[in-house]
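Below is one structure, written out as C-alpha cells; the observations come after it.
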Amino acid sequence: MKARISLISGTVLFLLFFWACERVPVYVGELDITPDSTGTIVDTNTVVINDPCDPDSVYFSNQVLPILQSNCAMSGCHDVASHKEGVVTTSYSKIIQTINVRPGNPGNSELVKVITTSREIMPPPPNSRLSQEQIDIITKWVAQGAQDNSCDNGCDTTNVTFSGTIAPIMNIYCVGCHGGGNPQGNISLTNYAEVKTYAANGKLMGSIQHEAGYVPMPYPAGANQLPSCYIDQISIWIQSGIPNN
C-alpha cells in the first residue's frame, strides 16, 4: 500500500512539474478567471472567446465595415458630412438606411452592383477598384443575410509576421485610402517597403493610436481606432525590427 501511495504521489509531482515548465503562449485579451457552473476555477491561461469566428461566414464588423470605411467613407464621397447621393457607409445602420441591400439576394442589391459593374463603378477613378477578394467578401455577406454580426478569435501575439498579420490589416483598413493612383496625403501602404517607411519614422503607430500631432487613422475623422489586438500586433512587429517576413 505504501509503495502504491508513493507511486501516485510521484506521478502527481511529475505532472505538476511538467505543467509548471510548459511554455504558455502570450495572448492579449481578457483571461477567463471566473468559476464555471460547478464553482470550479477554469484555466487562467485560456483567452475568453465569446463568439468564435466561423471560417465559412463573413462578419460585418470584422470584414465588411473596414472595407467600406476605407474605400467609400471619405471626404467628398460617402462619409456623414459629404453623403454623396445620400449614401453613408460609416456604420451598419447608415448602410442599411441609405443604400439598397437585399439580404440573401446580392444580385439585386445596389451595394453589390456598384462595386462590380463598369457603369458608375465605385470607388470611382482615380481611386482603385475594390480587389476581387473584397468584392467576394461583401457579396458573400449579402448572400448570407447582410447581418450586423461580429466574431472573436482571440489575439495571438506569438507569431506576428508582415505577410500573415500586418499586410492583411493594411489591406482591410488602410489601402482603400492609401493605395491606388491617388493615395490620400500622398501616403501609400500597399507593400512592405511603403509600410516600412511609416513604421520606421513613427507615423504609423502615432496615427493608429490617435496620438497628438498625428492624423488619426482609420479615416474618417471620428472613426474608432483599430481593434486593440491589431494595434498590439503592429507594435510588436515594429519592436521586433520591422522584418519582411
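The order of Glu133, Glu194 by accessible area, most exposed first and with a 1.4 Å probe, is Glu133, Glu194.
State the extension gain, in nm to one decimal, for the chain segment bounded by Asn245 and Glu85, taking 0.36 nm per residue of separation less the distance between their alpha-carbons. Walk me through the numbers on the way to the answer.
Numbers: separation 160, 0.36 × 160 = 57.60 nm, distance 4.29 nm.
Fully extending the segment from Asn245 to Glu85 adds 53.3 nm.
Around the amide H of Gly180, modelled in the peptide plane, lies no amide H under 5 Å away from a residue 5 or more places distant or on another chain. Taking 0.36 nm per residue of separation and subtracting the Cα-Cα distance, full extension of the segment from Val215 to Asn186 would add 9.1 nm. A full extension of the chain between Asn201 and Ser61 corresponds to an added length of 47.4 nm, given 0.36 nm per residue minus the alpha carbon distance. Find how many whole Å separate the alpha carbon centroid of region 187-204 from the alpha carbon centroid of region 95-114. If you average the Cα positions of each part, the centres end up 35 Å apart. Per residue, region 103-245 exposes 51 Å² of solvent-accessible protein surface, assessed with a 1.4 angstrom probe and all protein chains in place. Among rounded, prolate and oblate, which fits region 98-194 when a ≥ b ≥ c are the square roots of the eigenvalues of its C-alpha gyration tensor, a/c under 1.5 means rounded, and a/b larger than b/c means prolate? The shape class here is oblate. Considering only protein heavy atoms and a 1.4 Å probe, what is the carbon-and-sulfur percentage of the accessible area of region 101-245? The value for region 101-245 is 47 percent carbon and sulfur by accessible area.
The values are calculated or read from the model by the stated rules, or taken from the named source; none is laboratory data. Keep in mind the model is a prediction, meaning the values are calculated, not measured. Ligands, DNA and RNA are excluded from the accessible area calculation, which covers all protein heavy atoms including side chains. Shrake-Rupley method; radii C 1.70, N 1.55, O 1.52, S 1.80 Å.
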